[in-house]
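Q: This is the structure I have questions about; it appears just below.
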Amino acid sequence: MKTNLEFATTIRIRRQVFGYSQRELARLVGIQPSHIAYLENGRRLPSLGLLVRLAKELNVRPGKLALQAFPILSDFGVK
């Protein structure tokens, strides 16, 4: 699965800004640390629920993360 690296970069940078390890962020959003690594390396995309939890913990608008992860959403008016 090809992913948008802008999403992966945003997750990694925001996690670092907040001072979270991958393990800490994973615990906060209820997933395994390896899943955070996959997201940050562009190997996986989040479910909608995970995207919302990440946005909350990393203080990013869910719409911004959604557009980064799924750019096609802009065709449907998501901002």
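The values are calculated or read from the model by the stated rules, or taken from the named source; none is laboratory data. Since the model is a prediction, treat every value here as computed from it, not as a measurement. Positions of Cβ are backbone-derived with ideal geometry, glycine not excepted, and every protein chain shown enters the neighbour counts.
Q: Only residues that are under 19 Å from Pro62 (Cα atoms) and touching a residue at least 24 places away in the same chain (Cβ under 8 Å): list them for region 21-45, please.
A: Residues satisfying the conditions are Leu25, Leu28, Val29, Ile36, Leu39, Glu40, Gly42, Arg44, Leu45.
Q: Now a separate question. Could you list, in sequence order, all residues of region 16-64 that are touching a Lys or Arg at 6+ places or on another chain (Cβ under 6 Å) and over 20 Å from Leu5 (Cα atoms)?
A: The one that is touching a Lys or Arg at 6+ places or on another chain (Cβ under 6 Å) and over 20 Å from Leu5 (Cα atoms): Val29.
Q: Pull up region 24-52, narrow it to residues that are among the charged types (D, E, K, R) and at pLDDT below 95, then point me to the one that is farthest from Leu67 (Cα to Cα).
A: Only one residue fits best here, namely Arg43.
Q: Here's a follow-up. Of everything in region 30-61 that's of a type in the set (Gly, Ala, Ser) and over 9 Å from the mean Cα position of the chain (by Cα), which residue is nearest to Val17 (Cα to Cα)?
A: Looking at residues that are of a type in the set (Gly, Ala, Ser) and over 9 Å from the mean Cα position of the chain (by Cα), I get Ala37.
Q: If you check Leu48, Leu39, which single one turns out to be crowded, with 18+ Cβ neighbours inside 10 Å and aliphatic (A, V, I, L, M)?
A: None of the others qualify; the one that does is Leu39.
Q: Moving to a separate point now. Tell me, which helices (runs of 4 or more DSSP H) wholly within region 19-75 include 2 or more residues that are of a type in the set (D, E, K, R)?
A: It comes to 22-29, 48-58.
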